[in-house]
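K.L.:
Next up is a structure, given as C-alpha cells.
Please treat every number below as a calculation from the coordinates, not as lab data. Keep in mind the model is a prediction, meaning the values are calculated, not measured. Don't worry about glycine lacking a Cβ; one is built from the backbone with ideal geometry, like all the others, and counts go over all protein chains shown.
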Amino acid sequence: MVESILLNQSRLLPVAAYLQGEYGLEDVVIGVPCRLGCGGIESVLELNLTDGEREGLHTSAQSVRKSIERSQEILGKNK
C-alpha cells in the first residue's frame with residue numbers, strides 16, 4: 001500500500017474504505033478492492049457479486065455497524 005501511494009502506482013489492492021453507495025452500502029468502512037495512488041483511494045472497484053456474496057458483504061457491514069454502536073455505548077458516546 002505504501003509503495004502504491006508513494007510511487008503513485010495506481011495499484012488495485014484490498015483496502016478498508018468508507019463506502020458511499022458502492023455495493024449498495026452507505027456510511028460504513030469495510031474492505032473492498034480499490035485503486036490506490038498518491039492521492040489515496042482513487043476509485044472503488046465494484047465487482048459483480050452473486051446474491052450470496054452480496055448478502056455476505058451486507059451481513060459483514062451490519063456486523064461492523066453493530067460493533068461500532070456497542071463500542072460507543074461502552075465509551076458512553078451515544079449518537
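K.L.:
Of all residues being in contact (Cβ under 8 Å) with a residue 24 or more places away in the chain and of a type in the set (A, V, I, L, M) in the stretch 39-70, which is nearest to MET1 (Cα to Cα)? Just the residue, please. Before you say what the answer is, go through the steps one by one.
P.N.:
Of all residues in the stretch 39-70, those in contact (Cβ under 8 Å) with a residue 24 or more places away in the chain come to 40-42, 44-46, 49, 54, 57-58, 60-61, 64-65.
With the extra rule that they be of a type in the set (A, V, I, L, M), the set shrinks to 41, 44-45, 49, 57, 61, 64.
Working: ILE41: 10, VAL44: 15, LEU45: 16, LEU49: 25, LEU57: 23, ALA61: 23, VAL64: 23 Å.
Result: ILE41.
K.L.:
Do we find a residue being among the charged types (D, E, K, R) and free of Cβ contacts under 8 Å to residues at least 24 places away in the same chain anywhere in the stretch 30-38? I'd like the intermediate steps shown before the answer.
P.N.:
Step one: list which residues in the stretch 30-38 are among the charged types (D, E, K, R), which gives 35.
Among the residues that remain, those that are also free of Cβ contacts under 8 Å to residues at least 24 places away in the same chain are: none.
The answer is no; no qualifying residue exists.
K.L.:
Do you know which of the residues in the stretch 43-60 that are over 13 Å from the mean Cα position of the chain (by Cα) and charged (D, E, K, R) is surrounded by the most Cβ atoms within 10 Å (Cβ to Cβ)?
P.N.:
ARG54
K.L.:
What do you reckon, is LEU19 hydrophobic (A, V, I, L, M, F, W, C) and within 20 Å of ARG65 (Cβ to Cβ)? Even if it seems obvious, please write down each step before you answer.
P.N.:
Numbers: hydrophobic (A, V, I, L, M, F, W, C): yes; within 20 Å of ARG65 (Cβ to Cβ): yes.
Here the answer is yes, as LEU19 does meet what is asked.
K.L.:
Output the residue which, of all residues in the stretch 15-41 that are among the charged types (D, E, K, R) and surrounded by 14 or more Cβ atoms within 10 Å (Cβ to Cβ), is nearest to the chain's Cα centre (by Cα). Let's see the steps before the verdict.
P.N.:
So in the stretch 15-41, the residues among the charged types (D, E, K, R) come out as 22, 26-27, 35.
Narrowing further to those that are surrounded by 14 or more Cβ atoms within 10 Å (Cβ to Cβ): 22, 35.
Details: GLU22: 9, ARG35: 12 Å.
Among them, the one singled out is GLU22.
Rundown of residues vs (1) of a type in the set (S, T, N, Q); (2) within 30 Å of ASN8 (Cβ to Cβ); (3) assigned to a helix (DSSP H, G or I), yes/no style:
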position	(1), (2), (3)
ILE41	no, yes, no
ASN48	yes, yes, no
GLU55	no, no, yes
HIS58	no, no, yes
ILE68	no, no, yes
ILE74	no, no, yes
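K.L.:
Assigned to a strand (DSSP E or B), exposed (fewer than 15 other Cβ atoms within 10 Å of the Cβ) and touching a residue at least 24 places away in the same chain (Cβ under 8 Å): does that describe LEU12? Steps first, please.
P.N.:
Numbers: assigned to a strand (DSSP E or B): yes; exposed (fewer than 15 other Cβ atoms within 10 Å of the Cβ): yes; touching a residue at least 24 places away in the same chain (Cβ under 8 Å): yes.
Answer is yes for this residue.
K.L.:
If a residue must be exposed (fewer than 11 other Cβ atoms within 10 Å of the Cβ) and within 19 Å of ALA17 (Cα to Cα), how many such residues does the stretch 64-79 contain?
P.N.:
Residues that pass the stated criteria total 2.
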